[in-house]
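Every read-out reported here was derived from the displayed coordinates using simple, explicitly stated rules and does not represent laboratory data. Given the structure is predicted, the values throughout are model-derived calculations rather than measurements. All Cβ positions, even for glycine, are placed from backbone atoms using ideal geometry, and neighbour counts span all protein chains on display.
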């Protein structure tokens, strides 16, 4: 694909078309690619207000999906791929990090009880022992 011609055409497009293309590109990327392309921009976005009830619902769904194997990828470790991390594992840790960061933000907002409720999902022995092991490469 001719990059120069492509970018000449892109310069002629309106914002709606460009945002649609960007959305398609984002959806086609894996976690590492998204991080590489968008992290510098994302870090400049001011923190949003966190709705504790909505966050807790998201964490509970994440827990349910994790237990159901939504983030699990079979992985046969050998001497050539022992450093590879499956995309499902990358996505799981990315989501976990976002939830932990948002839970911390609840405390910054003074919503300590909701923050505790969110964190309790992460520190329960069953959750940490079962889900953590299943999503790590230490099988």
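Which order do 30, 51 fall in if you start with the one that has the fewest other Cβ atoms within 10 Å? Write down the numbers at each step before the final one.
Numbers: 30 11, 51 15.
So the ranking, lowest neighbour count to highest, is 30, 51.
Add -39500 (n - 2.57) for each DSSP H run of 4 or more in the chain, then divide by its residues: what number comes out at 222 nm, to the nearest 500 deg cm²/dmol?
Numbers: 6 runs with 85 residues, N = 139.
Calculated mean residue ellipticity at 222 nm is -20000 deg cm²/dmol.
Taking other Cβ within 10 Å of each residue's Cβ, how do 72, 26 sort, fewest first? Write out the running numbers ahead of the final one.
Details: 72 16, 26 12.
Neighbour counts put them in this order, fewest first: 26, 72.
In degrees, nearest 10, range 0 to 90: what is the angle between the Cα axis of helix 15-28 and the longest Cα principal axis of the chain?
Approximately 50 degrees, to the nearest 10.
Using 0.36 nm per residue of separation minus the Cα-Cα distance, give me the extension gain between residue 18 and residue 57 in nm, one decimal.
Details: separation 39, 0.36 × 39 = 14.04 nm, distance 3.25 nm.
Value of the extension gain: 10.8 nm.
Looking at the calculated P(r) for the stretch 32-110, what percent of the C-alpha pair distances fall above 16 Å?
On the way: 1952 of 3081 pairs.
For the stretch 32-110, the share of Cα pairs beyond 16 Å comes to 63 percent.
May I ask for the angle, rounded to the nearest 10°, between helix 112-123 and the longest principal axis of the chain, with both axes built from Cα atoms and the value confined to 0 to 90°?
Between the helix axis and the principal axis of the chain, the angle is about 90 degrees.
Indicate the gyration tensor shape class of the chain (rounded, prolate or oblate), computed on the Cα atoms with a ≥ b ≥ c the square roots of the eigenvalues: a/c under 1.5 is rounded; otherwise a/b larger than b/c is prolate and the rest oblate. Before the final figure, lay out the partial values.
Working: a/c = 2.81, a/b = 1.32, b/c = 2.14.
Note, shape of the chain comes out oblate.
Quick one: 61, 3, fewest Cβ neighbours within 10 Å first, how do they rank? Numbers along the way, then the final one.
Working: 61 11, 3 7.
Arranged by neighbour count, lowest to highest, 61, 3 become 3, 61.
To test your reading of the geometry: what angle, between 0 and 90 degrees and rounded to tens, separates the Cα axis of helix 87-108 from the longest principal axis of the chain?
For helix 87-108, the angle is close to 70 degrees.
So for each of 114-121, 42-49 I average, over its residues, the number of other beta carbons within 10 Å; can you give me the resulting order with the highest mean first?
Packing proxy ranking, top to bottom: 114-121, 42-49.
When a/c reaches 1.5 or more, the comparison of a/b and b/c decides; with that in mind, is the stretch 1-64 rounded, prolate or oblate per its Cα gyration tensor?
Taking the square roots of the gyration eigenvalues as a ≥ b ≥ c, the stretch 1-64 is prolate.
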